[in-house]
Amino acid sequence: MRKYLYFIASLMLFTSVILAQPTPSDDAVSVDHTTFTTFEWTTADATPTTNDDQVKIFVWSGNADPNNGSAVSLFAPQTLTQANVFGGATTESFDISTVPASLSDNTVYYWAIWDNDFADPTTDVNASNAISGPYRFSTGDPLAFTMVGATPSNVGDVDATPTFDWPDATGGFPPYSYTLEIDDDALFGSVVGPAAPVTVSTDNSVALFHNTVYYWRVSVTDDASTSINNVTASDPFKTEIGAFDLATPADGSSHDNWIPEPPLTWSAVTGNAIGIVYDVYVDGSTVATNLGATNFDPSLASGNHSWYVVAKDQSGSTPSNSNRQSTSTWDFTLNPVLINPLNTLTGVSVLPKFEWIDEAQTSYTIEIGTTSGVYPISITVDNGLDADDFNDFVDAGATITYQANEYHADFPLANNTWYFWRVTYDGGTEVSEEFSFKTTNDLTISAGNPLDNAFVYLYDPLLFSWYINQAQGTLKFALQIYEKTSAPTELEWAEAVDNYLTATPNPFYFAHYDNITDLTRTVNGLSGGTRYFWRIVAYYDDGSSAGSFDYDDRVAKFSNAFYFDTKGGAVEAFPSWPTGGATVYTLQPYFYWYTLEYEPSATFEVIVSTSNAVDGVTGELNAGTISTYSAGSNLFVQATVDLDPGTVYYWQVKTTYGTDETFSAVATFETDAIAGVVAFVPTPSYPVDGATVYTTSPYLYWYVGGVSTDLLFEVEVSTDFNFNNIVIDQNGISGLFYQGSGLTAGVSYFWRVRSYENGNPGNISTWSATGEFTVAGGGSSHTVASYPVSNPTVYSATPTLSWYVEGSTLGWTGYVVRWVEANTAPANWADPGQYDGTTTINDINQTIYTFGSALNYGSTYYWAVALTDGGAPVHGDFAVGSFTVVGGSTSTVIPTTPANNTTVYSNDVTFYWYLSGSYLGLVDYSLRYSQQANMGNPITINGITNNFHEVTGLTPGATYYWQVQGNYGATQTAWSTTYSFAIVAGSAPVVPRIGSPANGVTIDTGSPILSWFNPVASSSELTYDVELADNENFADAAVYSDLAQLKAEASNLESGQYFWRVRSKTNSEISGYSATGNFKVKDGITSVEEEEVLPTVFGLEQNYPNPFNPTTTIKFSLPESHFVNIKIYNMLGQEVRTLVNDQRNQGTYNVVWNGKDNYGNQVASGTYIYRISAGDFVSTKKMVLLK
């Protein structure tokens, strides 16, 4: 504060001196201008004179300097005379009312006293000459200051360098000095502010943080150093949200195939971001709100887009800020975005579903080709239903879908092929990125039943079956059937599927069956006399509708279209007996016929007449004495009234089907007129025509053309045609067969038979025609090497050799096996100098040999085997094989997990093992596993570098066998010990394990009981099928079906080796077969029938027993390999059970029916029809179930 009191140096001589504080005092305030009149002061005279001292008082305002132009005097300077009080003091005063003058309100006044001794008070009024003062006082209020009305206060959106304004101070003594303090803490713990106090009531020099609530206050000091401190604004303020801007995608940028679209990113607001959230706007619309992050992944269609971001204050503070938009609005472009098929995806449907992001266009073009950048297939996709595009434009919001279909000539695509595709629009100016995909692997679908271009006689119901050339896995099938006289076009097949999917009927499309999980389907409702076309669609059921076929399933293959014609109706009958004028020896004969077509609803009637006259239109017998016999649906009937003896009759069969009738051709026969017993000349039936029999005790069969009840027979067998060397001469035979014995293998024989009346040998027939046969064996048989042959690699130093005999083993006692280590086979295996080793096997049934001593690793060996009869020389025809031994490591692989004979409770199994021996040089391991105990058909996994390996997707209920082998590069260890484990079954069927007899055991019965067990339990009820054969390939096997117990009883087995296996079934699934069990029936055990021979004609025998309860056996014969179907029907023609529906080789088979239907239900007592169909062979018989 300035002081206006000037002191005169003491070396000067003053007339008067101020001795005490004057009144009003210096810097006095609130002097009452209405009452104040008198100034007072105290002086002392320093220089006595003759005259009294004179002083001058001067009072002014406006400026401290009275000579300043702004100074305003209250009154003219007044000269006053003071008493001379030298050395003393006196109090002086001046009453302004004498001037007269008065003070003004709220005014600062200055006053001073001058001594006349120092200056002439009349001429020199200068504050510097004053001996006292000037003094300052105010008639106004004391210093006062308030923040009322100060800004900013209780407001947001304040600039981060705000302007602070506050009211001016009042009272006191101007000028004022202001100190500004700002803090984000209401307690002002860390203030900021201007670098120095300011003299005005405003400031904008302080930079603050954005988006922050601040408190502020001001202190004021006047010229008299009076202060009012820390006056705070009534409310805080908040600085505005800081600026921010967009980051990516850049303004004007373009992007191809973002999945998802490019993320939108932006910078955070500058300064304080607490409580800040963001709203995102794309194309003028909000796409996201209240985001805490500075990025967002939108879902946008392709095309041009603009975007910006708005920041919002959601801190909840008071005050708060308004929203702030990003500095810029940017634009970017999304090119067409491809979705499906994914890039480089494999296993894609041959009718792919193409998907891409909608670009708000009305038309797109899909371009497809097998070479990158070359697109010969072009498909226009719009929102119309075009002739070649099935519902091809589906706007699913942000996605466009085109489902390929057969309407388009370029579909289906080729299997196992890489395709490249892209999407364009806007005349091709907008082009997506190119994607690629590979279609599913190729497979072949072949017709099983009915075959292509087949005639079907039993058509309702009809079992359709097909085959594929690979494992089925998860493939499902759809069966599509067209009823047309000509083959449907691809467009018609597509329309048929369209009709199915849209539930729109098609007059030609007969049926569509999907969700087929096996290779068969039974179809009902087919009509007779109709042509049908059918095909199979193989697909993976992973589309939008589980459990049904639709176009978005992965279609693997469309089969070729197959066709067949149904037969039926009033089918034509063909008389079979008696025909051709045959003589019948009964007056109530049976009439037999057959049909080439089957119609279960057809009925038959036999017409017998003494005249062969027929209706000229229908062909019906219509003259003579006529009798009729109704056969119902049977193919035979017996006359119920005696015919006349010695009479020629004519007969035919009438077939009735609804209102339709057909008449067979007319057959003729004659009734016998002779009384008494006739010794008929027999006719040899088997073996004849040089047939080969495989036993030295063959059965000989014949028949007679009449009643043989009172006849006996005599048989002769000779080694020459003229019967000069008869080896068998047997009479008194009562039946129509005879079993010989003691014949010689390899020899041809001739035989004949004649009949004579029992008790009257003179009534004898002539000898029959001569039959001829050869007993197999002898020099016509020879060995065939089976393994190893053609120099395969074997991984054991003690390999096993195997062979079989082509022909009969009759007359032979065993085998001679020889071998040599060489690169070429010996020229003469009979020369001891040309082979290294030899052994004799004295068991004709043993067709394997395992080396007892280790062979040399890395060497090639040739081996040979020949038949021997126990003497020398051996059979000259040696069968030759060769192999190379690979290996040499002394290490052994030891399997550990799964442990042997354990149960695993998962379909995914990890195998563990360790190596016993040196790891030096070990390259990797090979793991193999199989469902066969002999490791047949194994799955082998090579190149395993760990001592464990996981295999997934094993079959529930199956038993697996596994081994591991170490690979040392040029050599390998032997395969490890075989371990086995079973997978827990759940509801699946279980692969049974062989119980007894097994392992080549010899038994002394021809009726063994075969037994087995299940290694794990199944929650389903199981039945079993058993195959029993005399060979390892199960050719001509006997089949025991639908067994409920864990055993099967065989019967009538002759001496020899037998092999058997078993599988289990649920109502819907069939397990694989078990391992093979083998046993030997002891020599000397014989059956009541001859050894089975391969049949030369088709045959279906009468079931046995008949009637039956609960099971019966049906025997049938095939002279050649065929697909066989055997079905059982009730008397209404309804299917009850399918017993056989598979391919069978040449042979004789037995199949057992347990009296249950296809669903496992026991059928009722009654008469049933069983029918076989094998190629062109069709036969039907009846059987009776009695309970």
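Just wondering, is there one or more residues in segment 943-957 that are free of Cβ contacts under 8 Å to residues at least 24 places away in the same chain and not in a strand (DSSP E or B)? Explain how you work it out, then say what you get.
Taking segment 943-957 first, the residues free of Cβ contacts under 8 Å to residues at least 24 places away in the same chain are 943-946.
Still in the list and also not in a strand (DSSP E or B): 945-946.
Checked segment 943-957: at least one residue is free of Cβ contacts under 8 Å to residues at least 24 places away in the same chain and not in a strand (DSSP E or B).
Which one of these is touching a residue at least 60 places away in the same chain (Cβ under 8 Å) and buried (at least 18 other Cβ atoms within 10 Å of the Cβ): Val1026, Val1016? Show your work before the answer.
Working: Val1026 fails: touching a residue at least 60 places away in the same chain (Cβ under 8 Å).
Among Val1026, Val1016, only Val1016 is touching a residue at least 60 places away in the same chain (Cβ under 8 Å) and buried (at least 18 other Cβ atoms within 10 Å of the Cβ).
Taking the options Phe420, Phe464, Phe477, Phe437, name whichever one is at pLDDT 85 or above, buried (at least 21 other Cβ atoms within 10 Å of the Cβ) and farther than 30 Å from Gly1175 by Cβ.
Values: Phe420 fails: buried (at least 21 other Cβ atoms within 10 Å of the Cβ); Phe464 fails: farther than 30 Å from Gly1175 by Cβ; Phe477 fails: farther than 30 Å from Gly1175 by Cβ.
Residue meeting the stated conditions: Phe437.
Return yes or no: is Phe737 of a type in the set (Phe, Trp, Tyr), modelled with pLDDT under 90 and not assigned by TED's automatic domain parsing to the domain that holds Asp1030?
Details: of a type in the set (Phe, Trp, Tyr): yes; modelled with pLDDT under 90: yes; not assigned by TED's automatic domain parsing to the domain that holds Asp1030: yes.
Judged against the criteria, Phe737 is a match.
Restricted to segment 500-551, and to residues that are at pLDDT 80 or above, polar (S, T, N, Q) and in a loop (DSSP other than H, G, I, E, B), which residue is surrounded by the most Cβ atoms within 10 Å (Cβ to Cβ)?
Only one residue tops the list, namely Thr530.
Out of segment 827-841, which residues are under 20 Å from Pro799 (Cα atoms) and either surrounded by fewer than 19 Cβ atoms within 10 Å (Cβ to Cβ) or touching a residue at least 60 places away in the same chain (Cβ under 8 Å) (or both)? So that I can check it myself, show each step before the final result.
Quick first cut of segment 827-841, residues under 20 Å from Pro799 (Cα atoms) only: 835-841.
Listed by number, the residues that qualify are Asp836, Gly837, Thr838, Thr839, Thr840, Ile841.
Tell me which residues, restricted to segment 974-995, are more than 23 Å from the chain's Cα centre (by Cα), closer than 21 Å to Asp1025 by Cα and assigned to a strand (DSSP E or B).
If the condition is that a residue be more than 23 Å from the chain's Cα centre (by Cα), closer than 21 Å to Asp1025 by Cα and assigned to a strand (DSSP E or B), then Ala982, Arg993, Ile994, Gly995 are the ones that fit.
Whether any residue in segment 763-774 is within 20 Å of Thr692 (Cα to Cα), in the same structural domain as Gly690 (by TED's automatic domain parsing), free of Cβ contacts under 8 Å to residues at least 40 places away in the same chain and not in a strand (DSSP E or B) is what I want to check.
There is no residue in segment 763-774 that is within 20 Å of Thr692 (Cα to Cα), in the same structural domain as Gly690 (by TED's automatic domain parsing), free of Cβ contacts under 8 Å to residues at least 40 places away in the same chain and not in a strand (DSSP E or B).
I need a count of the residues in segment 204-229 that are closer than 16 Å to Gly149 by Cα and either surrounded by fewer than 20 Cβ atoms within 10 Å (Cβ to Cβ) or in the same structural domain as Ser322 (by TED's automatic domain parsing) (or both).
The qualifying residues number 2.
Surrounded by fewer than 20 Cβ atoms within 10 Å (Cβ to Cβ) and modelled with pLDDT of 90 or more: does that describe Thr163? Walk me through it before giving the result.
Values: surrounded by fewer than 20 Cβ atoms within 10 Å (Cβ to Cβ): yes; modelled with pLDDT of 90 or more: yes.
Yes: the conditions hold for Thr163.
Among the residues of segment 1103-1140, write down those that are part of a strand (DSSP E or B) and surrounded by fewer than 16 Cβ atoms within 10 Å (Cβ to Cβ). Give the derivation first.
Taking segment 1103-1140 and keeping what is part of a strand (DSSP E or B), we get 1104, 1108, 1112-1118, 1122-1129, 1135-1140.
If the condition is that a residue be part of a strand (DSSP E or B) and surrounded by fewer than 16 Cβ atoms within 10 Å (Cβ to Cβ), then Tyr1104, Lys1115 are the ones that fit.
Can you name every one of the strands (runs of 3 or more DSSP E) wholly within segment 615-676 that holds 3 or more residues which are more than 13 Å from Glu605 (Cα to Cα)? Lay out the reasoning, then the answer.
On the way: elements: 626-632, 636-638, 648-657, 660-663, 667-671.
Qualifying strands (runs of 3 or more DSSP E): 648-657, 667-671.
Would you mind stating whether Glu772 is closer than 30 Å to Phe680 by Cβ and modelled with pLDDT of 80 or more? Quick ask: steps written out before the conclusion?
Numbers: closer than 30 Å to Phe680 by Cβ: yes; modelled with pLDDT of 80 or more: yes.
Yes: the conditions hold for Glu772.
Please verify whether Asp660 is more than 18 Å from Leu587 (Cα to Cα) and touching a residue at least 60 places away in the same chain (Cβ under 8 Å), treating the condition exactly as stated. Step through it out loud before you land on a result.
On the way: more than 18 Å from Leu587 (Cα to Cα): yes; touching a residue at least 60 places away in the same chain (Cβ under 8 Å): yes.
The answer is yes for Asp660.
Looking only at segment 948-958, count every residue that is modelled with pLDDT of 85 or more and crowded, with 22+ Cβ neighbours inside 10 Å and tell me the total.
0
So which strands (runs of 3 or more DSSP E) are wholly in segment 186-247 and hold at least 3 residues that are within 23 Å of Ser315 (Cβ to Cβ) and in contact with a strand residue (DSSP E or B) (Cβ under 9 Å, 6 or more places away or on another chain)?
Details: elements: 213-221, 227-232, 237-239.
Passing ranges, in order: 213-221, 237-239.
Return only the number of the condition from (1) closer than 25 Å to Asn560 by Cβ; (2) surrounded by fewer than 21 Cβ atoms within 10 Å (Cβ to Cβ) that Glu430 does not satisfy.
(1)
Please specify each residue of segment 737-762 satisfying the condition of being outside any strand (DSSP E or B) and farther than 18 Å from Pro684 by Cβ.
Ser741, Gly742, Thr744, Ala745, Gly746, Val747, Asn758, Gly759
What number of residues within segment 1150-1170 satisfy the criterion of being of a type outside the set (S, T, N, Q) and either more than 42 Å from the chain's Cα centre (by Cα) or over 18 Å from Phe1108 (Cβ atoms) (or both)? Spell out the reasoning first.
If we filter segment 1150-1170 for residues that are of a type outside the set (S, T, N, Q), which is where we start, we get 1151-1153, 1155-1157, 1159-1160, 1163-1164, 1166, 1168-1170.
If we keep only those that are either more than 42 Å from the chain's Cα centre (by Cα) or over 18 Å from Phe1108 (Cβ atoms) (or both) too, we end up with 1159-1160, 1164, 1166, 1168-1170.
Looking only at that region, the number is 7.
Would you check which residues across segment 1157-1187 are among the β-branched types (Val, Ile, Thr) and without any contact (Cβ under 8 Å) to a residue 60 or more places away in the chain and list them? Steps first, answer last, please.
Step one: filter segment 1157-1187 for residues among the β-branched types (Val, Ile, Thr), giving 1163, 1167, 1169, 1172, 1178, 1180, 1184.
Correct list: Val1163, Thr1167.
Assess whether Asn290 counts as being more than 60 Å from the chain's Cα centre (by Cα) and surrounded by fewer than 18 Cβ atoms within 10 Å (Cβ to Cβ). First the steps, then the outcome.
Working: more than 60 Å from the chain's Cα centre (by Cα): no; surrounded by fewer than 18 Cβ atoms within 10 Å (Cβ to Cβ): yes.
Here the answer is no, as Asn290 does not meet what is asked.
The values are calculated or read from the model by the stated rules, or taken from the named source; none is laboratory data. Because the structure is predicted, anything quoted here is derived from the model rather than measured. Glycine also receives a Cβ, built like all others from the backbone with ideal geometry; neighbour counts cover every protein chain displayed.
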